[in-house]
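The structure appears right after this line, and notes come after that.
The values are calculated or read from the model by the stated rules, or taken from the named source; none is laboratory data. These figures come from a predicted structure and were not determined experimentally. Every residue, glycine among them, receives a Cβ derived from its backbone with ideal geometry; neighbour counts consider all protein chains shown.
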Ligand SMILES: [Cu+2]
């Protein structure tokens, strides 16, 4: 487990360096229970220049969206967003309760010990798009109970 985790983190760092110098650290995906059709992916993204995370892709799910959490009255809901701003040099965190990548209509149960391939598409101010490929290790459901409750709202 530990070896796999380190290997995937290295892969993420190496591949992101080869592309945009947009770095992604500590990616992870929340494990699912059988019959659960969606889950969230989380990570920290740092772009050296102003950019925007505009798209996320994964072969693990039929639909991948970028979501944010918003308060509607007293109820926290999530909704799809067009993108997430990545100010130059600032680490933007995708985390439970905030921005996250939503994997919808999963092809299979996501289990601890698996890694989930993700492609993060970052667009610069010039409109140029660059892909950051990474493999996110799967972490247990109980990693952050709050996020789990939110994802039940789908
Ligand atoms: Cu979501």
* To do: Quick one: which residue in 8, 16 is modelled with pLDDT under 95, assigned to a helix (DSSP H, G or I) and under 20 Å from residue 84 (Cα atoms)?
  => 16
* Which of the residues that make up the range 88-119 are within 24 Å of residue 70 (Cβ to Cβ), surrounded by 14 or more Cβ atoms within 10 Å (Cβ to Cβ) and more than 16 Å from the ligand (Cβ to nearest atom)? -> 92
* Checklist (1) more than 15 Å from the ligand (Cβ to nearest atom); (2) assigned to a loop (DSSP other than H, G, I, E, B); (3) touching a strand residue (DSSP E or B) at 6+ places or on another chain (Cβ under 6 Å) applied to residue 35, failing item -> (3)
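Sort out for me the strands (runs of 3 or more DSSP E) sitting completely within the range 45-152 that have 1 or more residues that are within 30 Å of residue 35 (Cβ to Cβ) and modelled with pLDDT under 95. Spell out the reasoning first.
On the way: elements: 51-57, 61-72, 75-80, 84-86, 91-94, 100-106, 115-124, 129-139.
Of the strands (runs of 3 or more DSSP E) lying wholly inside the range 45-152, those with at least 1 residues that are within 30 Å of residue 35 (Cβ to Cβ) and modelled with pLDDT under 95 span 61-72, 75-80.
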* What single numbered condition from (1) within 15 Å of the ligand (Cβ to nearest atom); (2) under 25 Å from residue 137 (Cβ atoms) fails to hold for residue 75? -> (2)
